[in-house]
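Only one structure is covered here, and it is reproduced in the block below.
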Amino acid sequence: MVDVLTQINIKCPITQVAEYATDPDHAPEWYVNIQSAEWKTPKPLKIGSEISFKAKFLGRELEYVYQIVEYIPGNKLIMKTANGPFPMETIYTWHSINNNLTRMTLRNKGNPTGFSSLFIPFMSVMMKRANMKDLKQIKSILENAR
């Protein structure tokens, strides 16, 4: 089982951070490993929405579909893999520190089936490193967009 928690403070209002982060069309811009995102259900994002992602992680091409299982705009988003080689749950939360500073938390947990057992001990470390790169990228995009 992998359970990775990362967080970052972003100098933007909570609504701006949450709206950008929850739009799957932006995922390839700020997720280092995601190459593409494709809506499988009609927009807008809501509970039950499904999005297909193509990614590259640990040298492997991955394709999986996430389903939105909880969505509280500006507060929390939980999505789980509906199919794919890596059963995963991804949780975003946002907390307003003040009117122009938001703490974004990114948590991934799951069971990395389909990977060599040699990779399992390193999976958490690799995911934490990738998640921090992702959070630094979204921070850079949002803070420089002003």
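The values are calculated or read from the model by the stated rules, or taken from the named source; none is laboratory data. Nothing here was measured: the structure is a model prediction, and the numbers come from that model. Neighbour counts run over all protein chains shown; Cβ positions are idealised from the backbone, glycine included.
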For this session: Take the range 67-87 and flag every residue that is in contact (Cβ under 8 Å) with a residue 40 or more places away in the chain and aromatic (Phe, Trp, Tyr).
Result: 71
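Residue check: is residue 120 of a type in the set (A, V, I, L, M, F, W, C), at negative phi and at pLDDT 85 or above?
On the way: of a type in the set (A, V, I, L, M, F, W, C): yes; at negative phi: yes; at pLDDT 85 or above: no.
Considered against the rule, which asks whether it is of a type in the set (A, V, I, L, M, F, W, C), at negative phi and at pLDDT 85 or above, residue 120 comes out as no.
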Exercise. Scanning for something among the basic types (Lys, Arg), surrounded by 15 or more Cβ atoms within 10 Å (Cβ to Cβ), modelled with pLDDT of 95 or more and in contact with a Leu (Cβ under 7 Å, 6 or more places away or on another chain), does the range 97-107 turn up at least one residue?
Worked result: yes
For this session: Answer yes if at least one residue in the range 77-85 is surrounded by 13 or more Cβ atoms within 10 Å (Cβ to Cβ), modelled with pLDDT of 95 or more and either more than 14 Å from the chain's Cα centre (by Cα) or of a type in the set (Ser, Thr, Tyr) (or both), and no otherwise.
Result: no
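Grab the strands (runs of 3 or more DSSP E) fully contained in the range 1-110, keeping just those with 1 or more residues being under 17 Å from residue 136 (Cβ atoms) and of a type outside the set (Val, Ile, Thr).
On the way: elements: 2-10, 34-39, 50-57, 60-72, 76-83, 88-98, 101-110.
It comes to 2-10, 88-98, 101-110.
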Exercise. Taking the stated definitions as given, is residue 60 at pLDDT below 95 and not hydrophobic (A, V, I, L, M, F, W, C)?
Worked result: yes
For this session: Considering (1) loosely packed, with under 14 Cβ neighbours inside 10 Å; (2) closer than 17 Å to residue 134 by Cβ, say which one residue 47 fails and leave the rest.
Result: (2)
